[in-house]
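Notes for the one structure printed next.
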Amino acid sequence: MTAPDLTAPDLTAPDTLAAAIARFVAGLTLDNLPPDVVEKARVCLLNGYGIALGGHDTPYAPVARAAALALHGERSDGATMLGNGRRTSVPGAALAGSALFHGRAQEDTCGAAHIGAVLIPLLTALVEAGDGPVERLLPALVAGYEAGGLLENAFSPLTTPAGLRASPLYGTLAAAAGAAHLLGLPEERIAAALANAASFTGGILQSFDDGTDEWRYQVGVAAVNGLTAARLAAAGSVSAPAPSRDGPASSAPSPAPAATLLSWRRGWAATGRSTASPSSPTRSAPSTRPRSPRRSPCAKRWRTGAFGR
């Protein structure tokens, strides 16, 4: 089997960026992912768990666990709140887990977005609760990194200067893509999940200026919103075909990036192996390099993106 192909789509077709990403996401399997992409996804997964262990004594996860229990209660049929052992709903476990993974802010990044801290706790909780087979865990993780990273690369130069934080903004879309894949949604419903996520996403940078903690919890809220987007799509939501060729749900000042994205050829963020020509645009793919001087043993920087020309 070969990896899904998004090269040179017909821009005159009644297609949207959501539909194009959905086609890519729906076609991913463990069998058709290149071996080096699978290996890098494993590295990201293990690095994420390791960073979470390192954050066990940070003060943010206990706050998120308390909120999760207040919202959802204990659930014997749910998922474990990592680092605590109590079980709650999948959204509650994702909310609490993301605060743990993000407690030291040393986890991987996709450009400016901490997508792993959104995806890994969410997908782990879904698998534990029996909402998807473990065989789809790595493809779902890749789907989230690729979809979220694509949009982060295209639009963060516009959204970050406007005061919007990349992690929740693009992490919500990554979570919708990853959850939709793990849940086994068909292509059309994955597109609906992405459209829902584009409507639900957001998050501002003000807490960094004020020295407050909101940003610690944004990744968990993004995971919950992305899962909600996928669940609504699975239930049959009627969703706008956004982000479209003409801009991501009108959130960007310029329509050019989305149209450009659909004309790019695809490489793989997971290793930097790309179909790019020497003059192609490139982006930074997920990096497991922590932001503090204490380097992770699996630190590595990649070049070029999932849909690089």
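Computed from the coordinates by the stated procedures, all read-outs in this text should not be read as laboratory data. Because the structure is predicted, anything quoted here is derived from the model rather than measured. All Cβ positions, even for glycine, are placed from backbone atoms using ideal geometry, and neighbour counts span all protein chains on display.
Some observations on this one:
- Overall dimensions of the stretch 22-166 by Cα: Rg and Dmax, Å: 15.6, 44
- Packing-based order for 57-64, 127-134, using average beta carbon neighbours within 10 Å, highest first: 57-64, 127-134
- 3J(HN,Hα) along the stretch 190-196, derived from phi through the Karplus expression 6.51 cos²θ - 1.76 cosθ + 1.60 where θ = phi - 60°, amounts to 5, 4, 5, 4, 5, 5, 4 Hz, with x in place of Gly and Pro.
- Sorting 151-162, 229-240, 65-76 by average packing, meaning the other beta carbons within 10 Å per residue, from highest down gives 151-162, 229-240, 65-76.
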